[in-house]
Amino acid sequence: MSKLSKLIKHPVKFFMDLPRPAYFYKDISLHKICDFVDVDSKKPVAVLIGFADWKHEYIHHFLPEYSVAYLKRRDYVAPVFEYLSENKDITPIIWGKEDAKHSKKFFDESHIKRMEDGFLRSYNIGANKTPPYSLILDDVGLYFDCNQPSNLENYLNKHQFTDDEIICSNAAMKAFIDSGVSKYNKFDDVDIDPYFDRSKKEQILHPLNPSRTDAPISNP
């Protein structure tokens, strides 16, 4: 959306997102640069970066162990990221890899966590602003990024699974299959047999996804 279109369609948001004057950042505090969902002095503070506005309505429900604050879009500037990176009492949580340029420049990767949609996403797609059923929070990487490991990948590679865990995982997989749930659950079932020649030993694996900009597709 161009600046003119944004001014016409969303005038309040246009002026709210205008850059602040430099003197504003001479004395930075979280309450100046963030919108707090709840303030609890007994909880550590998590500053959420790169989250679309519509996600502010529900993300904090997945983070009950934190006092959650959303960084305001107009404050995505160097002085703020420097302030956040130097304050070790703050946990930055970044949505996906949208703000990788900021995190790589200002944050130690070991100090941040990344969040993305889980495997059981929702009834409808995120592009329609449908809240997720599950989310992934990872302080190593993201499960769909083959360029770096993730907590999930490390766990699967290194954990010594017990017989009980294997039985439990098989039961969970069966429950998924029997119930017919998938990442998205709005769409009708499709018979793939007409497109899938089972007589061939070699098959082409094609990722099916309703959105070309979905992170697993745009981050090969």
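Assorted remarks:
- Criterion violated by Val80 - all others in (1) without any contact (Cβ under 8 Å) to a residue 40 or more places away in the chain; (2) over 14 Å from the mean Cα position of the chain (by Cα) satisfied: (1)
- Residue list for region 13-51, filter: in a loop (DSSP other than H, G, I, E, B) and of a type in the set (Lys, Arg): Arg20, Lys42, Lys43
- In region 12-64, the residue that is modelled with the highest pLDDT out of those that are among the small types (Gly, Ala, Ser) and farther than 13 Å from Asp75 by Cα is Ala46.
- Look at region 168-195: where a residue is on the phi > 0 side of the Ramachandran plot and a partner is modelled with pLDDT under 85 and not small (Gly, Ala, Ser), sitting 6+ places away or on another chain with Cβ atoms under 8 Å, you get Gly180/Asp189.
- Any chance Lys158 is touching a helix residue (DSSP H, G or I) at 6+ places or on another chain (Cβ under 6 Å), exposed (fewer than 15 other Cβ atoms within 10 Å of the Cβ) and at pLDDT 80 or above: no
- Residue check, Lys97 surrounded by 12 or more Cβ atoms within 10 Å (Cβ to Cβ), among the basic types (Lys, Arg) and modelled with pLDDT under 75: no
The values are calculated or read from the model by the stated rules, or taken from the named source; none is laboratory data. Fair warning: this is a prediction, and the values are worked out from it, not measured in the lab. FYI the Cβ positions are ideal-geometry reconstructions off the backbone, even for glycines, and counts take in every protein chain you see.
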